[in-house]
Amino acid sequence: MLIVEDELTTREGLHTMIDWRSLGIQVCGQASNGLDALEIINSGGVDLLLSDIRMPIMDGLQLLTEIHNRHIDIPSVLLTGYSDFEYAQRALRLGALDYIIKPCPPREIASVFEQVVIKILDKRKQEHDWNGLQYQLKENIPIVKSQTLLEWLHYPKRTNENRSEQVRKLGMSISGQHIIMIAIQPDGKPLNELNYSRTDLQLIQFATTNIVQETLEQSIRQPVEVIKDQDGIAAICSGTLDLLMDKIITGLSQLQCNLEKYLKITVSIGISSSKASIDSLAEAYMEANSALQLRFYRGLGGIYFYTESETVQLDPPPPAQTEPERIRLEPMIIDHLRSGLYAEALNLTEQWIDYFHAEHAHSRTEINLQTISLIAQLMQLGKEQELAESGWSDSLVAMADQVHRVETFEELSGLVYKSIQQLVELRNPHKTPRRKVQQAVERIAQDYNSPALSLAGVAKELFVSSTYLSTLFKQELGINFLDYIHQYRIERAKALLQSGAHKIQTIAREVGYFDEAHFTRTFKKWTGLSPSQYKKGALDPK
């Protein structure tokens, strides 16, 4: 507290005759007029003011007025005489907490300040509570914002709901007009199905949303709102596709690179059409997810834009003109397998699969059900031929369970071929698909340097479809057919380079590459070195 009184005796008496410490008050200074008091106040450390009204140079009312004009919050109590009662009322209007009429016994002054201290402490508690509430509100705004956006993603605008006003109040970084929705889905198993601890999973999700936001904002040069939703991430930006198309494609391509580089995650992405306002956010989200479903037909890691002509519908009716053909194929496949005509059965299976591969003609649900139906017929055939004891039936049940979890049509086709493969292996070990792969490997070893060597040619010679042979190759050897050929040729080339007896151009032709540049690129891809570098290292190990 600062005591301001022009009479020295009174000032000293106020300081010494009252036990201020017992009241929780410490006298930090004295002044003989308002001007001197103002200098002390400006230096800081003054929480409370006890001042006379009548003083020379600057009186108590002028001091309070100056404090008020400078927006300094210091509670004050004024000393006044009987004749200055009008001034005391003016002091109260200027914010004084109380006034004391002189002369006044120390006990009454102490009583006044007991109440003053209670008021100050109450005010401080209220300010502390309010500041805490403000802090909590500030800390919770991101949570409230995310929950609000999540609700908007899944539910249409309610009657009388002013979303543009909520965007403003919650401090969302997007505009309420011209909205584009981007749905980002990790490929492979969802993160929550992998063997991450809860803490690691939260860190990965946090890092993923940060990478999404930073990458997109840097690319499109405007704020983006990012929300974690179920197994994926939703990003919202403002604008129209006509203006942002190039920037969005660039940004999303960079996003895929960043996620794979830093988190080892690959993602597929669906983008909605432009919507007029935030009121249509649920419709935009539905479009983005519909576009995202194209990855089942076209493969993982794609960027898909919503268009009505391309987007997968939820439950479209099957084409009437081709449905009887599909129904006819299934019993024919089973009959051929029952008769041991495996190549014919595989050719029909490829036709059956092609029937479903026509984009947008069938829903994912319909394809899953038909696949499970075919697997069930294979199980029945196994029971007829007493193959159940081998455990093959249990294996098919496991495959049927996987049907709903595969992410692409290619994976689904692989399940169908694998189920047939296991049936063939059990019925006739000498005609196993594994034997087909061995025959293909032998053909590659024989004709690896022939320009006519191809997947289609080898499949034709083995009486199987190209798709089936490619699937078998991947299942049995863990590598696709063409990569196996390249690896085989490179190994042969390395042996020739080590001998040092041939030119690189000659070696390229001898292992099946008639374009030296193509040979060089392929060799470097598989070895990390150019042919000349490899040759130099082989001949001069030092």
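The values are calculated or read from the model by the stated rules, or taken from the named source; none is laboratory data. Keep in mind it's a predicted model, so treat the numbers as computed, not measured. We place every Cβ from the backbone using ideal geometry, glycine too, and count neighbours over all the protein chains shown. To get the accessible areas, we keep the full protein, side chains included, count just its heavy atoms, and leave off ligands, DNA and RNA. Shrake-Rupley method; radii C 1.70, N 1.55, O 1.52, S 1.80 Å.
So which residues in region 216-245 are under 16 Å from Glu287 (Cβ atoms) and among the hydroxyl-bearing types (Ser, Thr, Tyr), if there are any at all?
Within region 216-245, Thr240 is the sole residue that qualifies.
Any residue in region 221-244 that is among the charged types (D, E, K, R), surrounded by fewer than 21 Cβ atoms within 10 Å (Cβ to Cβ) and assigned to a helix (DSSP H, G or I)?
Taking every residue of region 221-244 in turn, at least one turns out to be among the charged types (D, E, K, R), surrounded by fewer than 21 Cβ atoms within 10 Å (Cβ to Cβ) and assigned to a helix (DSSP H, G or I).
Of the residues Ala358, Ala376, only one is at pLDDT 80 or above, surrounded by fewer than 16 Cβ atoms within 10 Å (Cβ to Cβ) and of a type in the set (A, V, I, L, M); which?
Ala376
Among the numbered criteria (1) under 30 Å from Leu341 (Cα atoms); (2) open to solvent by less than 60 Å² (accessible area, probe 1.4 Å); (3) modelled with pLDDT of 85 or more, which single criterion is violated by Phe473?
Of everything listed in (1) under 30 Å from Leu341 (Cα atoms); (2) open to solvent by less than 60 Å² (accessible area, probe 1.4 Å); (3) modelled with pLDDT of 85 or more, Phe473 misses just condition (3).
Take the residues in region 296-324 that are among the hydroxyl-bearing types (Ser, Thr, Tyr) and crowded, with 19+ Cβ neighbours inside 10 Å, then tell me which one is modelled with the lowest pLDDT. Please lay out each step first, then the result.
Residues of region 296-324 among the hydroxyl-bearing types (Ser, Thr, Tyr): 297, 304, 306-307, 309, 311, 322.
Then keep just the ones that are crowded, with 19+ Cβ neighbours inside 10 Å; that gives 297, 304, 306, 311.
On the way: Tyr297: 78, Tyr304: 88, Tyr306: 86, Thr311: 51.
Ranking the qualifying residues of region 296-324, first place goes to Thr311.
Output the residue which, of all residues in region 1-47 that are open to solvent by less than 60 Å² (accessible area, probe 1.4 Å) and among the hydroxyl-bearing types (Ser, Thr, Tyr), is farthest from Ala110 (Cα to Cα).
If we take residues in region 1-47 being open to solvent by less than 60 Å² (accessible area, probe 1.4 Å) and among the hydroxyl-bearing types (Ser, Thr, Tyr), then Ser32 is farthest from Ala110 (Cα to Cα).
If you go through region 275-294 one residue at a time, do you hit one that is at pLDDT below 85 and either in a loop (DSSP other than H, G, I, E, B) or more than 27 Å from Thr148 (Cα to Cα) (or both)?
The answer is yes; a qualifying residue exists.
So, in region 274-295, exactly how many residues are over 20 Å from the mean Cα position of the chain (by Cα) and either open to solvent by less than 50 Å² (accessible area, probe 1.4 Å) or farther than 19 Å from Pro156 by Cα (or both)?
5
List the number of the failed condition for Glu214; all other conditions in (1) open to solvent by less than 70 Å² (accessible area, probe 1.4 Å); (2) at pLDDT 85 or above hold.
(1)
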